[in-house]
Amino acid sequence: MKEGRIIRVSGPLVVAEGMKGSRMYDVVYVSDKKLMGEIIELKGEIASIQVYEETGGIGVGEPVYPTGAPLSVELGPGLIESIYDGVQRPLDKIREMAGDFITRGIHIPGLDREKKWKFSPKVKEGEAVEPGDILGVVQETVLVEHRILVPPGIKGKVVDISEGEYTVEDVVCRIDTGAGVEEIKMLQKWPVRIPRPYVKKLAPEIPMFTGQRIIDTFFPVSKGGTACIPGPFGSGKTVTQHQLAKWSDAEIIVYIGCGERGNEMTDVLIEFPELVDPKSGEPLMKRTVLIANTSNMPVAAREASVYTGITIAEYFRDMGYSVALMADSTSRWAEAMREISGRLEEMPGEEGYPAYLGSRVASFYERAGRVVCLGKEQREGSLSVIGAVSPPGGDLSDPVVQATLRVVKVFWSLEARLAYARHFPAINWLTSYSLYTDNVKDYMLTNVAEDFYDIQGQAMKLLEQEAELEEIVRLVGLEALSMKDQLVLLVARMIREDFLHQNAFHEVDTYTSIKKQYIMLKNIIHFYEESLHAIEKGAGVSELSGLPVLERIARMKFVPEDRMDEIESIRDEITKEISSLQGVNV
């Protein structure tokens with residue numbers, strides 16, 4: 001293709017003429033420094049290019065080299081445990097080449113071309129295969145079996161396949177399609193802006209348990225679901241996402257640091273390799289892909305990082321895995337869109353964001369879902385997307401928050417007030433919601449307990465009553481309330497402090513199984529119901545609040561999972577201690 005010529009440079013936006021034959025979203029290399037960019041607007045032969053590297057020193061008249069191919073990611077063995085920048089360049093390899101700072105014009109493939117992987121075939125010669133069939137497997141890490149799939153669009157008979165050690169560029173299988181023989185390598189490329197195909201989407205009926213009590217019990221997210229964590233600075237968005245990455249029952253984690261501060265991303269890069277996967281005892285990195293795109297990296301690369309991450313996540317979903325993608329934070333991505341839109345001189349929408357902000361955010365979250373994967377032996381895979389949003393000053397009317405809430409089904413509202421009161425997770429139980437509660441209801445009633453939602457509903461009702469009573473207490477004092485209202489305040493405080501509050505750094509309290517969550521909450525509600533009977537028979541709240549069993553209720557969260565009977569025994573103790581009170585007052 002004919003090379004173009006730069007006619008304008010405006011920060012990350014470069015305008016070039018003579019770009020005949022180029023298409024939208026094609027990758028180009030700008031100037032002789034070969035800076036990577038992507039065409040985002042075409043007017044005749046004039047192309048506007050967003051450049052993913054620093055454009056300082058680039059001038060008018062310099063060449064632009066088209067590639068004729070869209071921005072794509074490399075998919076294959078070697079993704080797990082990798083740490084990439086926004087355009088899938090391995091940061092460890094960049095450091096070897098350029099030192100501690102990324103210099104311009106570095107081009108490194110996403111997957112190692114030298115490393116050999118042991119390939120074990122799953123099909124035989126002469127077998128008919130179609131898109132999505134598993135040709136063979138590679139044990140990528142101790143936790144992840146990497147399945148080599150027939151690429152979309154290819155079907156036919158296997159002519160040649162053999163076990164052995166191969167690099168990602170070696171041919172591992174040949175398929176006769178009828179129109180010729182296709183050579184299949186372990187390396188595939190896929191355009192990041194095109195969602196990967198599947199057979200059909202399934203209803204989000206299976207909950208994705210996270211081990212966080214306020215989420216699993218009150219505001220669940222399903223496998224294949226979407227969730228949004230908005231909150232002001234310091235309210236715990238990143239810590240919450242770390243907890244979800246560590247404890248959620250997804251098999252693969254893709255973590256995107258999109259325009260985050262360098263020190264926050266450094267914490268992730270240092271912490272994740274040291275974190276131990278609770279299910280296997282192996283390092284968490286053995287099932288994680290990290291994409292680190294910090295705030296001092298070129299603005300345009302933030303958009304690429306989001307698409308790179310979700311395409312890698314879809315690839316593992318197609319293998320039949322349940323994948324959780326954490327995007328931290330999509331506000332920085334929206335800010336990059338706003339900057340590029342301003343330089344393109346487009347008509348701004350609300351607060352200067354581009355008019356297409358909502359559709360871009362929607363197209364990202366809609367790539368989540370629980371699906372039937374391609375292939376004869378149909379597999380189920382799921383991709384759950386959890387995005388953090390950082391609105392200025394924690395303002396939830398911000399356009400990015402509103403555009404996100406129109407698409408996602410779960411809203412975990414983080415509050416600085418709770419975070420400063422040392423209440424973690426700082427999710428406000430009165431303003432958050434989950435639209436998956438009805439979807440996962442059958443699963444919870446069948447697999448957890450038939451009265452799960454009765455207990456949960458009663459707990460939420462008590463928390464709502466507490467919020468109403470707090471206003472009255474401020475005006476007239478606690479003594480002016482009836483005994484039943486004082487009991488509501490006592491039990492609501494127990495729910496907040498003994499159930500909702502969770503210590504991320506305590507070895508037992510950091511994770512709670514759904515069964516333990518149910519038993520803990522049932523004990524608190526049982527205390528409330530027994531106390532109500534006692535009050536009717538003349539007991540006082542001061543007597544109830546002094547019972548020794550309250551100490552055991554407060555310590556339930558620190559009882560390990562293998563000693564669940566200790567928590568269950570608290571219920572009988574509650575009944576015994578309260579009935580002894582009733583005996584005094586009858």
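The values are calculated or read from the model by the stated rules, or taken from the named source; none is laboratory data. Just so you know, these numbers come straight off a predicted model, no measurement behind them. Every residue, glycine among them, receives a Cβ derived from its backbone with ideal geometry; neighbour counts consider all protein chains shown. When the accessible area is computed, the model is the full protein with side chains, heavy atoms only, and any ligands, DNA or RNA have been set aside. Shrake-Rupley method; radii C 1.70, N 1.55, O 1.52, S 1.80 Å.
Scoring Arg287 on the criteria (1) among the basic types (Lys, Arg); (2) buried (at least 23 other Cβ atoms within 10 Å of the Cβ); (3) farther than 19 Å from Ile83 by Cα leaves a single failure, condition (3).
For the stretch 291-306, which residues satisfy the criterion of being of a type in the set (Ser, Thr, Tyr) and open to solvent by 10 Å² or more (accessible area, probe 1.4 Å)? Working first, answer last.
Step one: list which residues in the stretch 291-306 are of a type in the set (Ser, Thr, Tyr), which gives 294-295, 305.
Residues satisfying the conditions are Thr294, Ser295.
The helices (runs of 4 or more DSSP H) found wholly in the stretch 505-579 and carrying at least 2 residues that are under 22 Å from Phe218 (Cβ atoms) and hydroxyl-bearing (Ser, Thr, Tyr) occupy 514-536. Summed over the stretch 500-527, the residues that are open to solvent by less than 30 Å² (accessible area, probe 1.4 Å) and either basic (Lys, Arg) or within 23 Å of the chain's Cα centre (by Cα) (or both) give a count of 10.
Residue under question is Gly375, and the condition is that it be at positive phi, at pLDDT below 95 and either open to solvent by less than 10 Å² (accessible area, probe 1.4 Å) or touching a Pro at 6+ places or on another chain (Cβ under 6 Å) (or both); does it hold? Yes.
Sub-7 Å Cβ pairs linking a first residue in the stretch 167-180 that is of a type in the set (Ser, Thr, Tyr) to a second residue that is open to solvent by less than 80 Å² (accessible area, probe 1.4 Å), at least 6 apart or interchain, are Thr167/Arg113; Thr177/Ile154; Thr177/Gly156, ordered by first then second residue.
Sort out which residues of the stretch 391-433 are under 22 Å from Gly225 (Cα atoms), among the hydroxyl-bearing types (Ser, Thr, Tyr), outside any loop (DSSP other than H, G, I, E, B) and open to solvent by 20 Å² or more (accessible area, probe 1.4 Å), and write them in order of number. Result: Tyr433, single match.
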